[in-house]
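J.: Following this message is one structure expressed as C-alpha cells.
The values are calculated or read from the model by the stated rules, or taken from the named source; none is laboratory data. Just so you know, these numbers come straight off a predicted model, no measurement behind them. A quick note on method: Cβ atoms are made from the backbone with ideal geometry, for glycine too, and the neighbour counts reach across all protein chains shown. For accessibility, only protein heavy atoms count, side chains too; no ligands or nucleic acids. Shrake-Rupley method; radii C 1.70, N 1.55, O 1.52, S 1.80 Å.
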Amino acid sequence: MFKANMEPYKKFVEDNFRFLLAAFANVIALIASIWWVIDSNFNSTGSIEIEPIVTTMALIVTLLSLNFVNNKLSKPLLKVHMTMVMCQHPLKGWIHGISVTVENHSIIKAFIKNFQVQLLEEKKVMQFMYEGFTGEILPKVILEPGQAFSFNISKENISGVLENPEAYGDFVVTTDVGHQFRVPAKVFRKHFATLQKCKA
C-alpha cells in the first residue's frame, strides 16, 4: 500500500527531474552564498564586502522566480468551469446537463483522482463515475500542461440523491496526491437548480 501511495510522487519527480535539479542546485548555491556573507562580513573587522551580499540576493530572486514559474512546485494550477449544455441523443432525444471542464494551467502534469460534490446534510460526498450523456465510465484523467478534460452531468447522474439544491456543497476535483480544486457551492447549486427545471 505504501508503494502505491508513493507512485504519484515518483511520477512527479520523473516528469520534473530537470526542474527539481535546478531548484536543488540553486538552494545549495544559496546556502554557500549565505555562509560567504557571514564569513566575509560578520567574522571580520574589515569593511563590508558587497559582492557576497549581491550574490545572495541574486540567488534568492532566482529561487523565487523558479517557484513562480512552476506554480508552487508540487501543486498544479487547475481551473474548473461549469456551464449548462444540451445534446440530441438518437434514442432519448434532447438531453440537458451540466458540463464540467478542468483546465491545466501549470507547467506540470496533473493526475486527477476523482470528481465529487459535497452532501452537506449527510456529511458525505457523491462521486461522479459516469459520463452523463454517453453513460461511459470516466477514464483516468492525466492532463498535460495546456490540456483540458470535460464531461457532462445529467439528471441520471444525480437522480434519487437529494432534490434540494441547498443540500449540496462545493464541487471538488481532487488529484492523486490530494490537492483539491473547487467550484463554490452557490455555482453548483445554480446549475443543479437549472438542470432540475429541464424536461429531459
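J.: Considering the stretch 87-133 alone, what residues qualify as being over 20 Å from Gln147 (Cα atoms), crowded, with 18+ Cβ neighbours inside 10 Å and without any contact (Cβ under 8 Å) to a residue 60 or more places away in the chain?
T.: Gln116, Phe128, Gly132, Phe133
J.: While we're here: For the stretch 178-195, what are the residues that are without any contact (Cβ under 8 Å) to a residue 40 or more places away in the chain and either buried (at least 18 other Cβ atoms within 10 Å of the Cβ) or in a helix (DSSP H, G or I) (or both)?
T.: Lys186, Arg189, Lys190, Ala193
J.: Within the stretch 139-147, identify whether any single residue is modelled with pLDDT of 90 or more and surrounded by 17 or more Cβ atoms within 10 Å (Cβ to Cβ), and answer yes or no.
T.: Within the stretch 139-147 (the criterion being modelled with pLDDT of 90 or more and surrounded by 17 or more Cβ atoms within 10 Å (Cβ to Cβ)), the answer is yes, since at least one residue qualifies.
J.: Does Ser99 meet the test of being in a loop (DSSP other than H, G, I, E, B), among the hydroxyl-bearing types (Ser, Thr, Tyr) and within 21 Å of the chain's Cα centre (by Cα)?
T.: Judged against the criteria, Ser99 is not a match.
J.: Can you tell me which residue in the stretch 152-177 is least open to solvent (accessible area, probe 1.4 Å), limited to those that are touching a residue at least 24 places away in the same chain (Cβ under 8 Å) and part of a loop (DSSP other than H, G, I, E, B)?
T.: Among them, the one singled out is Leu162.
J.: Mind listing whichever residues of the stretch 120-179 are farther than 30 Å from Pro90 by Cα and in contact with a Ser or Thr (Cβ under 7 Å, 6 or more places away or on another chain)?
T.: Of everything in the stretch 120-179, just one residue is farther than 30 Å from Pro90 by Cα and in contact with a Ser or Thr (Cβ under 7 Å, 6 or more places away or on another chain), namely Pro145.
J.: Sticking with this structure for a sec: Which of the residues that make up the stretch 18-50 are open to solvent by 80 Å² or more (accessible area, probe 1.4 Å), more than 30 Å from Ile107 (Cβ to Cβ) and at pLDDT below 75?
T.: Answer for the stretch 18-50, where residues must be open to solvent by 80 Å² or more (accessible area, probe 1.4 Å), more than 30 Å from Ile107 (Cβ to Cβ) and at pLDDT below 75: Trp36, Phe42, Asn43, Thr45, Ser47, Ile48, Glu49, Ile50.
J.: Separate question: Go through the stretch 155-200 and report how many residues are touching a helix residue (DSSP H, G or I) at 6+ places or on another chain (Cβ under 6 Å) and acidic (Asp, Glu).
T.: Residues meeting the conditions: 2.
J.: Report, by residue number, each residue of the stretch 51-86 that is at pLDDT below 75, open to solvent by 70 Å² or more (accessible area, probe 1.4 Å) and either on the phi > 0 side of the Ramachandran plot or not in a helix (DSSP H, G or I) (or both).
T.: Lys72
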